[in-house]
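Take a look at the structure below.
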Amino acid sequence: MIDNKAEKSSNAMWGGRFAAGPDAIMEAINASIGFDQRLARQDIEGSRAHAAMLAKQGILTDSDVEAIREGLLTVLSEIEDGTFQFSTALEDIHMNVEARLKDLIGEPAGRLHTGRSRNDQVATDFKLWVRDQADAAVEGINALQKALLAQAEAGADWAMPGFTHLQTAQPVTWGHHMLAYVEMLARDASRFADARARMNESPLGAAALAGTSFPIDRDMTADALGFDRPAANSLDAVSDRDFALEFLSSASICAMHLSRLAEELVIWSSAQFRFVTLSDRFSTGSSIMPQKKNPDAAELIRAKIGRIFGANVALMTVMKGLPLTYSKDMQEDKEQTFDAADNLMLALAAMTGMVADMQANRESLEAAAAHGFSTATDLADWLVRTLDMPFRDAHHVTGTLVKKAEDAGCDLADLSLDDMQSVHEDITEDVFAVLGVHNSVASRTSYGGTAPDQVRAQVQRWKGILT
């Protein structure tokens, strides 16, 4: 709940210089409480760690710190149960928490800010939040990978067309196609994990920009907040937003992968393909056409990349011209990141649900795999292996046979032996064995290939990784 009325007491937070309150426009552009209130838990967590350190260092008394600790728990409880009164006049989550803490415990609240600034405070809060989101993204990705693995295992030997340029290229297996997205998502998870490792340095104690003269223990607060170490340069600590940019970059690539899968689901679920049937839980009907079943969830996931990629560009643009150290421009770091994180998690959850629920239509997949001259490469390979023909010659012979089949309105496997021998007399009846799609996929036994045994081996490998 936000109170938009200017409060006389707010100016006291700044001292006597600002006796007159800002006008409504300045208040509106300056305030961030409308969105940064979601940092409340991180802000209170950081303040508790800071207070405990001040007590250990003898900077605050144990009684003051106990009052601060209890007061902060009360504030957090009020925020979580929805009774806290947020005020735009107090600008942000940090000032709102501090003002309420003062209401609750009085003078000790004013000592909490000893040895720190809002600059290192906000950097710490935001980094803690982004770190949590990186962890959540990895969990969401792993859940989707497991759903894809279940599909891959079920269809390890189901033939389907593999495409290049969205044209039939060679037969592959359904399981192999599902595993391609497992691999993509694994790289996404590793990017979030790498970003998390790099961001795990604590800004707390850098103060406004130059550190502090108080004898603080930054290692203690870093450890209390789960950081690997304190940031080594106070100027960099308060002005760095690389952690948010890396998160947004990782989110953009992940969303792009989700969008590619969403596009395939839109195509595959169409009446022209019928490769998959999406569940009613992730589809909608038409207001006028009763036969329609629209893949709305997939389409919306496909659109999320625009928002997530936009957030990445927006923050990069905010940061590109800023001199060291903190500038108010950096207040614009959060809304974009919050929105991107929310939409990424929603997209991951929706895609996981769709993949888990969808039914692959084996008959349609295998019928499509047999069309479009998908085994032409197998024919060329047979000519090389059996007739010791140079591949370029085999490619030419195969192309001629494809043209012959195309003119006859049939597939390669439907040509007669006489048809084949009219192009090259040494072709034998054995050639027909390689023109079946199942023989084709079974022959692709190289590591990472589409052969069912390779698919099953990869499924087992990923099961071991994801358990």
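Of the solvent-accessible surface of the chain, computed with a 1.4 Å probe and all protein chains present, 53% belongs to carbon and sulfur. Assuming charge only on the beta carbon of Lys and Arg (+1) and of Asp and Glu (-1), the dipole of the range 25-112 about its Cα centre is about 200 debye to the nearest 20. If only the Cβ of Lys and Arg carry +1 and only the Cβ of Asp and Glu carry -1, the dipole of the chain around its Cα centre is close to 820 debye.
Can you tell me the 0 to 90 degree angle between the C-alpha axis of helix 334-357 and the longest principal axis of the chain, rounded to 10? Tilt of helix 334-357: around 40 degrees.
Relative protection proxy for 93-102, 129-138, from highest mean packing down: 93-102, 129-138 (other beta-carbon atoms within 10 angstrom). The Cα atoms of the range 363-458 give a gyration tensor whose axes a ≥ b ≥ c have a/c of 1.5 or more with a/b no greater than b/c, which makes the shape oblate.
The HN-Hα couplings worked out from phi for the range 302-313 by the Karplus form 6.51 cos²θ - 1.76 cosθ + 1.60 (θ = phi - 60°) are 4, 7, 4, 4, x, 5, 6, 5, x, 4, 4, 5 Hz, whole numbers, x standing for Gly and Pro. Among 336-348, 207-219, sorting by the average number of other beta carbon atoms lying within 10 angstrom of each residue, highest first, gives 336-348, 207-219. Evaluate the Debye formula for the chain with equal point scatterers sitting on the alpha carbons, no solvent, and hand back log10 of I(q)/I(0) at q = 0.10 Å⁻¹, in q order, two decimals. For the chain at q = 0.10 Å⁻¹, log10 I(q)/I(0) is -0.84. Compared with the dominant Cα axis of the chain, that is its longest principal axis, helix 40-56 is turned about 50°. Mean residue ellipticity at 222 nm, helices only, the chain: -19500 deg cm²/dmol; runs of at least 4 DSSP H residues each add -39,500 (n - 2.57), and the sum is divided by the number of residues.
Among 434-447, 41-54, sorting by the average number of other beta carbon atoms lying within 10 angstrom of each residue, highest first, gives 41-54, 434-447.
Inter-label distance, R38 to A232: 3.4 nm, where each label sits 7 Å from its Cα along the C-beta direction. Here the spin labels are modelled as points 7 Å beyond Cα on the Cα-Cβ line, and at D242 and K328 they lie 2.8 nm apart.
Annotation: extensible slack from D419 through V313 equals 32.3 nm (criterion: 0.36 nm per residue apart, minus Cα-Cα distance). Just report the Cα centroid separation between the range 115-186 and the range 379-415, whole Å. Spelled out, the Cα-based centre of one part sits 39 Å from the other. Relative to the longest principal axis of the Cα atoms of the chain, helix 452-466 runs at roughly 10 degrees.
The values are calculated or read from the model by the stated rules, or taken from the named source; none is laboratory data. In this text the structure is predicted, and so the values were computed from the model without any measurement. All Cβ positions, glycine included, derive from the backbone under ideal geometry; neighbour counts span all protein chains shown. All accessible areas refer to the heavy atoms of the entire protein, side chains included, with ligands and DNA or RNA removed. Shrake-Rupley method; radii C 1.70, N 1.55, O 1.52, S 1.80 Å.
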